[in-house]
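In what follows, a structure is listed as structure tokens, so that the remarks can point back to it.
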Amino acid sequence: MSARDGGVGGMGTLGRRQRFENSEFTVRIYPGTLAEGTIYCPISARKTTTAAEAIERVIERLQLDRTKCYVLAEVKEFGGEEWILNPNDCPVQRMMLWPRVALEHRPLSGGEDYRFLLRQKNLDGSIHYGGSLQMWLQITEERRRMVERGLLPQPDSQGDQADLCCLPELNERSLLDNLRSRFQQEKIYTYVGSILIVINPFKFLPIYNPKYVKMYDNHTLGHLEPHIYAVADVAYHAMLRRQRNQCIVISGESGSGKTQSTNFLIHHLTALSQKGFASGVEQIILGAGPVLEACGS
């Protein structure tokens, strides 16, 4: 019996195909002026998830006006033609046709910029575009940078808390719902007082570059969005201020990301030590890596 006839090889191919069909992908949908302060809304979708289902998830996440009619549009460049998806079209299947760099959310040459937009449909069936997408993105990015620098207040959260101690009702369900809501927004860090909870996203997030190192330098814990850099920064400056050793305990199940978290800690501590606060700290921290690995960390 050949693989094409349904032998062992055929069953393996069918199994892999079913796993692919059931795999979840992150789809970024840009709501534009429909949701002020939100650059994009990430949702989880499968290959069979329809545009109508994706729109419903965005409406629920961003708490948009349900009396309005919304459509999902695909755009491939700023100011270019927008393709309105039918309710039964599948966004993930459209994403599979994008270039690889677009799937990794990296800029393409030639003005191309693949993304999904949420648009409002008028009563006469026309689409309300609400101004230039490029101008809106620029204004939103500038607002986000001003919020990070403390020049503007933090926008109201969509029902989630950055510190679980601030939950109005603390129980297992509210705790898990809060963590799930933050994770779906690609917020993998959450505080419990001075304790940091990390959920492994199993993908790279662009939140570990020099900009974030500088952002969390010498800041009070909880002043900014939770981050492992904030924990490293507090420990480092407490060591300098009190002239006493500090300890950061990292624990979790196998595969939870303990080693990667340790690497991020060491990266931030090394960046701080290079400012000249303490000589020799960099080599001491870098030398701790093999010891941690040998202990099974």
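Excluding residues on the same chain fewer than 8 positions from K68, give the lysines whose Cα lies under 20 Å from its Cα.
K121
On a straight-distance basis, which lysines could pair with K211 in a cross-link, Cα separation under 27 angstrom, same-chain partners fewer than 8 positions away excluded?
K187, K203, K258, K275
On alpha carbon coordinates alone, what is the Rg over Rh value for region 175-254, Rh being the Kirkwood radius?
Looking at region 175-254, the ratio lands at 0.98.
How much net charge surrounds S181 when only the other residues with a Cβ under 10 Å from the Cβ of S181 are counted, with Lys and Arg +1 and Asp and Glu -1?
Net of charged neighbours comes to +2.
Just so you know, all these numbers are worked out from the coordinates, no wet-lab data involved. What you are looking at is a predicted structure, and each value in this text was computed from that prediction instead of being measured. When we count neighbours, we look across all protein chains shown, and the Cβ atoms used for this are built from the backbone with ideal geometry, even at glycine.
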